[in-house]
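FYI, it's all coordinate maths here, none of it is from the lab. Just so it is clear, the model here is predicted, and its values are computed rather than measured. So basically every Cβ, Gly included, is an ideal-geometry build from the backbone, and we count neighbours across all protein chains shown.
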Amino acid sequence: MKRVDIEPGPVPGRIGIAVSSFNAPITDPMLDAALAEAERVGVSETVVLRVPGAMELPLASQSLAEVGCEAIVAIGAVIK
């Protein structure tokens, strides 16, 4: 796989992270990594919205957009 590095653009002031509670042993470390990266790049505010499962992520993302989040991350794990 080819790796492409790009220069980051402006850092959003407020981001939202919607995360599924289902499969928490998988999604919690992903949330921790997302929070650490947001802090590393200088995001001023992070809003975390937990939902029961991956099916609720689109509505949660819409809700985060409606409260003014400039960027949104959706974290879920669907395992068959």
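Here are a few things to note about the model shown:
- Calculated mean residue ellipticity, 222 nm, the chain: -11500 deg cm²/dmol, from DSSP H runs (n ≥ 4) at -39500 (n - 2.57) each, averaged per residue and rounded to 500.
- Estimated at 0.36 nm per residue, the fully extended path between residue 22 and residue 55 surpasses their Cα-Cα distance by 10.8 nm.
- Distant-in-sequence amide H partners of residue 21 (H built 1.01 Å from N, under 5 Å): 51, 53
- Computed FRET value (nearest 0.05) for residue 4 with residue 40, which takes r as the C-beta separation and R₀ as 22 Å: 0.65
- Residue among 9, 69, 52 farthest towards the positive dipole end of the chain, charges placed on Cβ: 52
- The chain, relative contact order [Cα under 8 Å, separation at least 6], %: 45
- Proximal charge balance of residue 60 [Cβ under 13 Å; K/R count +1, D/E count -1]: -1
- Of (1) 58; (2) 48; (3) 65, the label for percent of Cα pairs over 15 Å apart derived from the coordinates: (1)
- Net charge of the neighbourhood of residue 16, taken over other residues with C-beta under 11 Å away and scored Lys/Arg +1, Asp/Glu -1, is -2.
- For region 17-80, the dipole from Cβ point charges (+1 on Lys and Arg, -1 on Asp and Glu) about the Cα centre works out to 240 debye, to the nearest 20.
- Computed extension gain for residue 48 through residue 62, at 0.36 nm per residue and net of the alpha carbon distance, reaches 3.7 nm.
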